[in-house]
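Read the structure below first, then the notes.
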Amino acid sequence: MENTPKDSNAATPNDAADCDIGRRSVVKGMAGGLLAASALSAGGTLLAQSASAAEAADEITWLPAWEIAQRIASKKISAVEVTEHFLKRIEKLDPILNAFQTLDANGAREQALKADEWQRSGKPLGPLHGIPVAVKEHTSVKGLPVVNGPGTTIVASSDDICVERLRNAGAIVFGTTKLPGMGNTAMTAHRDADLSKHPRNPWDPARVPGSSSAGSAGAVASAMVPLALGSDGGGSTRLPAAISGIVGVHTALGRIPYAHYDAPKIMLMITTGPMTRTVRDAAIAMQVIAGPDGRDFVALEDPAPDYVGALDKGVKGMRFAWTDNYGCGAMYATHQTAGIEAKTREAAQGFKKLGATVEATDEVWEDFFIPFIMMNNAYDAVSSDGTMPSAAALKDASETRHRNWQKFNKLFETYDVLLSPCAGQLAYTVEEWDAAWNKDGAKYPHNTFAPTYTVYTHMFNWLGWPALSVPCGFIDGLPVGLQLVAKPNNEAALYAAAEAFMKAFPRNEKPPVS
């Protein structure tokens with residue numbers, strides 16, 4: 001263990017250089033056969049790295065993706081060297097953390113060779129050139145297995161749009177990360193009975209990194225890759241991020257286009273989002289994968305915000321609202337909730353030191369869970385449990401959503417960003433996690449752990465509004481996350497606020513399993 005978790009709020013200077021992430025610089029068309037024969041010996045093995053190159057590789061473990069990309073661009077290290085470094089970390093750590101479902105090491109090496117050849121040709125480099133990334137296993141990566149429904153996988157015939165855009169930006173796709181069932185009850189229940197194979201939290205490998213973007217969270221938190229994609233249908237990027245001590249993004253609905261041609265679906269309440277260790281990496285990834293696309297029925301037509309341009313704006317003069325539990329969450333409290341609310345409430349006050357105002361709101365929103373289930377079952381074929389509500393029940397659910405929507409809109413007439421806890425519990429042990437989801441034979445949706453787990457997050461999947469989680473401290477050595485929420489037309493403010501917070505109150509601790 002390199003550092004022990006602590007809660008120092010001492011500000012440290014941030015010397016991050018700006019990255020040019022405009023779409024003009026995105027690498028296009030990195031295709032063709034296996035290149036860079038000069039990088040191979042006659043026997044077909046990689047030439048031995050020099051001592052200086054090996055030292056450079058060792059230094060990159062905890063660097064953010066943007067800085068690794070800069071080092072590759074300046075030829076201080078190659079994409080091949082970066083790829084080999086992180087593949088070695090995966091070989092060492094993944095047997096403990098179970099983060100990867102399919103690791104495509106040979107494919108990663110081939111992509112890295114092409115990336116270096118592309119650079120030698122003098123062509124422009126994308127903002128993620130040479131950066132290893134991993135993708136949650138129900139997002140399509142051509143040629144790799146993709147979750148295709150409860151208990152089933154197929155081999156993807158094409159990349160999802162977000163993966164296509166990552167490749168065009170120069171990223172090296174390492175493979176897919178595990179989507180575990182909630183206990184034994186979700187998409188991958190056929191393989192989840194063996195809890196020894198459940199993804200593990202690098203802060204304590206006896207514990208889970210959350211769900212369902214669990215593998216992506218564990219891979220990023222342990223620095224097996226600097227960037228991964230998760231997806232969020234009720235908090236599934238934000239919650240594992242909070243529980244694992246990283247940044248997790250739920251985007252505005254339609255901001256990142258989606259296409260799954262092997263089993264066509266329209267994602268009505270589920271988003272894809274980056275999971276990273278820094279806000280800048282999340283912003284760069286968003287700039288790469290967000291934006292209009294005519295292949296997606298619900299993709300937003302407007303250009304994506306300038307996420308990266310917002311990073312250095314700071315929060316002076318911004319107005320933040322704070323809520324402990326949205327006025328309706330106390331019914332889902334756990335024995336850990338009070339401590340988490342106190343920790344995140346204290347963290348939220350830190351924005352005052354940065355020139356913003358922070359005021360508590362006593363607004364009471366209506367419980368999200370049963371109305372969400374009604375609307376989900378009516379409209380969303382991806383995650384419906386198959387029970388169609390009556391017209392009267394659906395009308396009641398829709399009107400509940402409308403009343404909550406009105407209250408949030410009213411709040412944001414006064415405030416720029418809403419703050420709250422993210423996860424209402426610390427990382428459970430794998431056995432506790434399994435028991436929580438299967439207590440007394442509980443069956444989705446009416447007697448389940450889901451609203452307890454998603455009490456602070458699910459509301460914004462229901463509304464389609466953007467939110468993200470940033471690490472803000474530890475309780476008993478386990479990470480805690482602070483959630484930031486904004487309206488879709490003010491999405492960039494989340495990145496300005498999150499970056500200002502992380503600059504002022506950095507979390508530089510490294511987990512024991514890393």
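Restricting attention to the stretch 456-481, report how many residues are of a type in the set (S, T, N, Q) and open to solvent by 10 Å² or more (accessible area, probe 1.4 Å). Quick ask: steps written out before the conclusion?
As a first pass, look at the stretch 456-481 and keep what is of a type in the set (S, T, N, Q): 457, 461, 469.
Adding the requirement that they be open to solvent by 10 Å² or more (accessible area, probe 1.4 Å) leaves none.
Residues in the stretch 456-481 being of a type in the set (S, T, N, Q) and open to solvent by 10 Å² or more (accessible area, probe 1.4 Å): 0 in total.
Based on this model, can you work out whether Asp58 counts as of a type in the set (D, E, K, R) and either farther than 29 Å from Pro512 by Cβ or not in a helix (DSSP H, G or I) (or both)?
no
Restricting attention to the stretch 228-268, which residues are under 19 Å from Phe460 (Cβ atoms) and in a strand (DSSP E or B)?
Within the stretch 228-268, Leu229, Gly230, Ser231, Asp232, Val247, Gly248, Val249, His250 meet the criteria.
Does any residue of the stretch 110-127 turn out to be closer than 23 Å to Ser231 by Cα and either crowded, with 24+ Cβ neighbours inside 10 Å or not acidic (Asp, Glu) (or both)?
Yes, that holds for at least one residue.
Would you mind stating whether Val315 is open to solvent by 10 Å² or more (accessible area, probe 1.4 Å), aliphatic (A, V, I, L, M) and not in a helix (DSSP H, G or I)?
Judged against the criteria, Val315 is not a match.
Restricting the search to the stretch 150-181, which residues are farther than 11 Å from Val288 by Cβ, in a loop (DSSP other than H, G, I, E, B) and touching a strand residue (DSSP E or B) at 6+ places or on another chain (Cβ under 7 Å)?
Passing the criteria: Ala156, Lys178, Leu179.
Kindly indicate whether Lys343 is modelled with pLDDT of 95 or more, basic (Lys, Arg) and closer than 22 Å to Gly473 by Cα.
On the way: modelled with pLDDT of 95 or more: yes; basic (Lys, Arg): yes; closer than 22 Å to Gly473 by Cα: yes.
Yes.
Just checking, how many residues over the stretch 476-500 are among the acidic types (Asp, Glu) and under 20 Å from Leu300 (Cβ atoms)? Show your work before the answer.
Initial filter on the stretch 476-500 (among the acidic types (Asp, Glu)): 476, 491, 499.
If we keep only those that are under 20 Å from Leu300 (Cβ atoms) as well, we get 491.
Total satisfying the criteria: 1.
Are there helices (runs of 4 or more DSSP H) fully within the stretch 444-514 with at least 3 residues that are in contact with a Ser or Thr (Cβ under 9 Å, 6 or more places away or on another chain)? List them.
Those helices (runs of 4 or more DSSP H) span 492-504.
When you check Ala467 against the structure, is it under 17 Å from Gln336 (Cβ atoms) and of a type in the set (Gly, Ala, Ser), yes or no?
no
Can you tell me which residue in the stretch 269-308 is nearest to Asn148 (Cα to Cα), limited to those that are assigned to a loop (DSSP other than H, G, I, E, B) and open to solvent by less than 10 Å² (accessible area, probe 1.4 Å)? First the steps, then the outcome.
As a first pass, look at the stretch 269-308 and keep what is assigned to a loop (DSSP other than H, G, I, E, B): 269-270, 277-278, 290-308.
Filter once more, so that each one left must be open to solvent by less than 10 Å² (accessible area, probe 1.4 Å): 290-291, 307.
Details: Ala290: 23, Gly291: 25, Tyr307: 32 Å.
Only one residue tops the list, namely Ala290.
Just to be sure I understand the filter: pairs with C-beta atoms under 7 Å, separated by 6 or more residues or on different chains, first member in the stretch 201-217 and among the charged types (D, E, K, R), second member part of a strand (DSSP E or B). Which pairs pass?
Once the first residue is among the charged types (D, E, K, R) and sits in the stretch 201-217, its partners that are part of a strand (DSSP E or B) give Asp204/Leu478; Arg207/Asn201; Arg207/Thr429.
Any idea which of Ser140, Ser157, Ser212 is farther than 23 Å from Asp58 by Cα, at pLDDT below 95 and of a type in the set (S, T, N, Q)? If you could, list the steps in order and put the result at the bottom.
On the way: Ser140 fails: at pLDDT below 95; Ser157 fails: at pLDDT below 95.
Every option except Ser212 fails the conditions.
Residue check: is Asp194 out of contact with any Lys or Arg (no Cβ under 6 Å at 6 or more places or on another chain), surrounded by fewer than 24 Cβ atoms within 10 Å (Cβ to Cβ) and acidic (Asp, Glu)?
Against the criterion (out of contact with any Lys or Arg (no Cβ under 6 Å at 6 or more places or on another chain), surrounded by fewer than 24 Cβ atoms within 10 Å (Cβ to Cβ) and acidic (Asp, Glu)), Asp194 qualifies.
Quick check on my filter: what residues within the stretch 335-360 are open to solvent by 30 Å² or more (accessible area, probe 1.4 Å), in a loop (DSSP other than H, G, I, E, B) and touching a residue at least 12 places away in the same chain (Cβ under 8 Å)?
If the condition is that a residue be open to solvent by 30 Å² or more (accessible area, probe 1.4 Å), in a loop (DSSP other than H, G, I, E, B) and touching a residue at least 12 places away in the same chain (Cβ under 8 Å), then Gln336, Gly355 are the ones that fit.
Taking the condition of being at pLDDT 90 or above and surrounded by 13 or more Cβ atoms within 10 Å (Cβ to Cβ), how many residues in the stretch 379-393 meet it?
Final tally of qualifying residues: 2.
So which residues in the stretch 183-202 are farther than 15 Å from Pro95 by Cα, of a type in the set (A, V, I, L, M, F, W, C) and either at pLDDT 95 or above or not in a loop (DSSP other than H, G, I, E, B) (or both), if there are any at all? Talk me through it step by step, then tell me what you get.
First, the residues of the stretch 183-202 that are farther than 15 Å from Pro95 by Cα: 183-193.
The next check asks that each one be of a type in the set (A, V, I, L, M, F, W, C); those that pass are 186-187, 189, 193.
Of everything in the stretch 183-202, just one residue is farther than 15 Å from Pro95 by Cα, of a type in the set (A, V, I, L, M, F, W, C) and either at pLDDT 95 or above or not in a loop (DSSP other than H, G, I, E, B) (or both), namely Ala189.
Among the residues of the stretch 362-378, count how many are in a loop (DSSP other than H, G, I, E, B) and crowded, with 17+ Cβ neighbours inside 10 Å.
Looking only at that region, the number is 3.
Could you tell me whether any residue of the stretch 482-493 is on the phi > 0 side of the Ramachandran plot and either in contact with a helix residue (DSSP H, G or I) (Cβ under 6 Å, 6 or more places away or on another chain) or open to solvent by 10 Å² or more (accessible area, probe 1.4 Å) (or both)?
Looking through the stretch 482-493, none of the residues is on the phi > 0 side of the Ramachandran plot and either in contact with a helix residue (DSSP H, G or I) (Cβ under 6 Å, 6 or more places away or on another chain) or open to solvent by 10 Å² or more (accessible area, probe 1.4 Å) (or both).
Counting only residues that are surrounded by fewer than 24 Cβ atoms within 10 Å (Cβ to Cβ) and either of a type in the set (Phe, Trp, Tyr) or on the phi > 0 side of the Ramachandran plot (or both), how many does the stretch 219-236 have?
1
Any residue in the stretch 250-273 that's within 14 Å of Ile289 (Cβ to Cβ): show its pairings with residues that are aliphatic (A, V, I, L, M) and not in a loop (DSSP other than H, G, I, E, B) at Cβ separation under 6 Å, as long as the two are six or more apart or on different chains.
Every condition considered, the pairs that remain are His250/Ala467; Ile256/Ile289; Pro257/Ile161; Ala259/Ile161; Thr272/Leu229; Gly273/Val249.
Kindly indicate whether any position in the stretch 494-509 is touching a strand residue (DSSP E or B) at 6+ places or on another chain (Cβ under 9 Å), under 17 Å from Gly234 (Cβ atoms) and either of a type in the set (Asp, Glu) or touching a residue at least 40 places away in the same chain (Cβ under 8 Å) (or both).
Within the stretch 494-509, not a single residue is touching a strand residue (DSSP E or B) at 6+ places or on another chain (Cβ under 9 Å), under 17 Å from Gly234 (Cβ atoms) and either of a type in the set (Asp, Glu) or touching a residue at least 40 places away in the same chain (Cβ under 8 Å) (or both).
The values are calculated or read from the model by the stated rules, or taken from the named source; none is laboratory data. Predicted model only: the values in this text are computed from it and were never measured. Counting neighbours? That spans all protein chains shown, and the Cβs are built from the backbone with ideal geometry, glycine included. Just so you know, the surface numbers come from the protein's heavy atoms only, side chains and all, with ligands and any DNA or RNA stripped out. Shrake-Rupley method; radii C 1.70, N 1.55, O 1.52, S 1.80 Å.
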